[in-house]
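Asker: Could you have a look at this structure, given as structure tokens, before my questions?
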Protein chains: 2
Amino acid sequence: MAIANTSTADGPPVLSVGVPRRRFNTGLDVRIAARANDFTTFTSGLAPSHLQANLIVLPSRYASDFRDLCARNPVPCPLLAESYVPGDFSRLKSRLHTVPSGAKIAADLDLRSDCPRYNVYVDSKFTKDGVFNIQSYWTSDHIAFLIGCSYSFESALCNAALPPRHFVMDRNVSMYRTNIPLNPAGVFTGATYVVSMRPYKKADIPKIRAITRGYLATHGECLAWGWDALERLGIADIDTPQWGDAPLTLDRRPLSEMMGDDDHVPVFWGCGVTPQEAVMNAGLEGTVMGHAPGHMLVLDCLEEAILV
Amino acid sequence: MAIANTSTADGPPVLSVGVPRRRFNTGLDVRIAARANDFTTFTSGLAPSHLQANLIVLPSRYASDFRDLCARNPVPCPLLAESYVPGDFSRLKSRLHTVPSGAKIAADLDLRSDCPRYNVYVDSKFTKDGVFNIQSYWTSDHIAFLIGCSYSFESALCNAALPPRHFVMDRNVSMYRTNIPLNPAGVFTGATYVVSMRPYKKADIPKIRAITRGYLATHGECLAWGWDALERLGIADIDTPQWGDAPLTLDRRPLSEMMGDDDHVPVFWGCGVTPQEAVMNAGLEGTVMGHAPGHMLVLDCLEEAILV
């Protein structure tokens, strides 16, 4: 493989940072490479300006509850699209007003293999970590849901000369569990928001809120910011994210060394890993699948198409 | 007045409970009575099956931020409609997919006088409590927003032989501040959910969740339940709601005496007083107006029209 990824199918990716990433021009290019297991790492910054999505695949009996969960929690769970019919892994039904055609969101699609990596949950227990595809788990009763991803506003931040630090350093974004409750829906109770974090200068936060607020369908605008937000969100240790890579300063020190510094302020957005956490809390029966955090489905649709 | 309401325009309503309430057949009947200051008390159970709404009136420069606040927080802030144009107090623009015509939501309308009572905030400070109308505060720059109200699923609960207790006892519903943060939007930062509470038997909660979940536009389904929810929501004292009447047992004892009892379990829904709290936290300049909690705008539209 051309990328520096020493992980195996059984373990989480272990990345050699600083190695240049492969370049892809379109979402389809990324999907075809992922389908062939020729690209298996995180997708931030790939195929710039193409929308990226979180994936969650559920037994059909939970679909209605899940749609309500999304409707009641649009910041962490913004629903973009779902399987056209149960069992369908190649055609989408759009849930975006701005892009009403599922085929315009992604055509030439295999939801079972087009994310670089997947997680698998059986009876709400985390069972498989970071596998390359989910063909052997997929059944005609499964429905896939695509949820917006905050990677989708990173091009806009880059264009405003405010590139996210994990993007600059070629690392996975840092993701954290919080204590902010999701509004429950049917079987989905007891779950909390998962957030992604990007450090910025305090003085830039108004600009960052303004840039990302147009991306309602992909977790914008931010939901909390400032060093004091850690306590409000119930994040005990900024250096120990539950998913993704630990956040670093540009000279590779732990971000916690900057605590209280206005030049390195954590800024938080809703995160599409939230539905996977909701599944773990819901005691669902059967097999549930999702993308591995940071290893998204890259779409045909451009980010600007979802701007409101 | 036919109702037992000893309050004045300067103070909150003081109600003699147990006196039969006046009967109204339609939303318009209630609005005409409120317009004439001939009905000035809380509206739960009035004109059964007619949709009720929370009102918030803002200077136009905050309208865009407020729409985003609603989009990002649909459980406590479900937007039903707004002024057709700035300054318009008699015509609505619908924000409901199921009832796209503002005139079908309410015609023959004067938003300045058709709630039984109003609160007024100047420069984000609570200034006037429970006034009968807001004609002297309204300007051509004001935009009114109608937010769904949980009274709108009370008919459905009554029809299922699960009438809310405040309804049976002819009291105002109990409303509480919580520590659950709203997703911020523009100027609206730092606010938290307000919730309404209705006690029920623990065994009935699944049925209650199922009945109210169709009312996505009016705070359904519930967002928390159980005696342990008090701590999760940050409610220190169930007997001291911040708005409405204190909750009682059917034999008129404080609800706290039932703490831990499965026959008297608090169940919480999002509450449309939330935007008024958001205003207080946002440091808005100028004059903001809202309905007095529990004293809603009653609409022409029927509750069943919004079911999803």
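The values are calculated or read from the model by the stated rules, or taken from the named source; none is laboratory data. Quantities reported herein were computed from a predicted structural model and do not represent experimental measurements. For neighbour counting, all protein chains shown are included, and Cβ atoms are generated from backbone atoms with ideal geometry for every residue, glycine included. Heads up: the accessible areas ignore ligands, DNA and RNA and are worked out on the full protein's heavy atoms, side chains in. Shrake-Rupley method; radii C 1.70, N 1.55, O 1.52, S 1.80 Å.
Asker: Please work through the protein assembly as shown and write down the cysteines that have no neighbouring cysteine Cβ at a distance under 4.7 Å.
Answerer: Among the cysteines of the protein assembly as shown, those whose Cβ sits 4.7 Å or more from every other are A:CYS115, A:CYS149, A:CYS158, A:CYS222, A:CYS271, A:CYS301, B:CYS115, B:CYS149, B:CYS158, B:CYS222, B:CYS271, B:CYS301.
Asker: What FRET efficiency comes out for the pair A:GLN242/B:ALA36, r = Cβ-Cβ distance, R0 = 56 Å, nearest 0.05?
Answerer: Approximately 0.40, to the nearest 0.05.
Asker: Pick out which of B:ALA210, B:ALA224, B:ALA34 has the largest mean-square fluctuation in a Gaussian network model of chain B, springs linking Cα atoms closer than 10 Å.
Answerer: B:ALA210
Asker: How large is ³J(HN,Hα) for each residue in the stretch A:54-60, as worked out from phi by the Karplus curve 6.51 cos²θ - 1.76 cosθ + 1.60 (θ = phi - 60°), to whole Hz, x for Gly and Pro?
Answerer: The phi angles translate into 7, 10, 9, 10, 10, x, 4 Hz.
Asker: For B:ASP110, what charge total do you get from the other residues with a beta carbon under 10 Å from its beta carbon, if Lys and Arg give +1 and Asp and Glu give -1?
Answerer: Summing Lys/Arg as +1 and Asp/Glu as -1 gives +1.
Asker: Considering only protein heavy atoms, with the full assembly of protein chains and a 1.4 angstrom probe, order A:LEU28, A:LEU284 by accessible area, largest first.
Answerer: Heavy-atom accessible area, descending, gives A:LEU28, A:LEU284.
Asker: Would you mind getting the accessible area per residue of the protein assembly as shown, heavy atoms of the protein chains only, 1.4 Å probe, in Å²?
Answerer: 36 Å²
Asker: Share of the protein assembly as shown's accessible area from carbon and sulfur, percent, 1.4 Å?
Answerer: Heavy-atom surface of the protein assembly as shown belonging to carbon and sulfur, 1.4 Å probe: 53 percent.
Asker: Using θ = phi - 60° and the Karplus form 6.51 cos²θ - 1.76 cosθ + 1.60, what ³J(HN,Hα) does each residue of the stretch A:238-254 get, whole Hz, x for Gly and Pro?
Answerer: Whole-Hz 3J(HN,Hα) from phi for the stretch A:238-254: 5, 7, 10, x, 6, 9, x, 8, 5, x, 10, 6, 5, 9, 6, 9, x.
Asker: Using the Cβ atoms and a cut-off under 14 Å, what net charge is assigned to the surroundings of B:GLY286, where Lys and Arg are +1 and Asp and Glu are -1?
Answerer: So the surrounding residues net to -2.
Asker: Now for a separate question. Mind checking how much accessible area B and A bury in total, 1.4 Å probe, in Å² rounded to 100?
Answerer: Interface area, both chains combined: 1900 Å², rounded to the nearest 100.
Asker: Convex hull over the Cα atoms of chain B, averaged projected area in nm²?
Answerer: For the Cα atoms of chain B, the hull's average projected area reads 13.8 nm².
Asker: Now for a separate question. Helix A:63-72 versus the longest principal axis of chain A: what is the Cα-based angle in degrees, 0 to 90, to the nearest 10?
Answerer: 30 degrees
Asker: For a quick check, take a GNM of chain B with Cα springs below 10 Å and name the residue from B:ALA53, B:ALA229, B:ALA161 with the largest mean-square fluctuation.
Answerer: B:ALA161
Asker: While we're here: Return a whole-number percent for the relative contact order of chain B, with Cα pairs under 8 Å and 6 or more residues apart as the contact set.
Answerer: About 29 percent, as a whole number.
Asker: Taking a spot 7 Å from the Cα of B:ALA203 along the direction of its beta carbon, which residues of the stretch B:161-188 have an amide N less than 17 Å from it?
Answerer: Hits in the stretch B:161-188 for B:ALA203 at 17 Å: B:161-163.
Asker: Another question, then. Work out from phi, with θ = phi - 60° and the Karplus expression 6.51 cos²θ - 1.76 cosθ + 1.60, the ³J(HN,Hα) of each residue of the stretch B:92-103, listed in order in whole Hz, and give x for Gly and Pro.
Answerer: Values, residue by residue: 10, 9, 6, 10, 9, 5, 7, 9, x, 9, x, 5 Hz.
Asker: Among residues other than B:ALA36 whose Cβ falls under 15 Å from its Cβ, what is the net charge (Lys/Arg +1, Asp/Glu -1)?
Answerer: Result for the neighbourhood of B:ALA36: 0.
Asker: Still on this structure, I have one more. Enter the accessible area of A:ILE32 (Å², nearest 10), with the probe set to 1.4 Å and all protein chains included.
Answerer: My reading of the accessible area for A:ILE32 is about 80 Å².
Asker: Between B:VAL85 and B:SER140, what length in nm is gained on full extension when 0.36 nm per residue of separation is reduced by their alpha carbon distance?
Answerer: Result: 18.9 nm gained on full extension.
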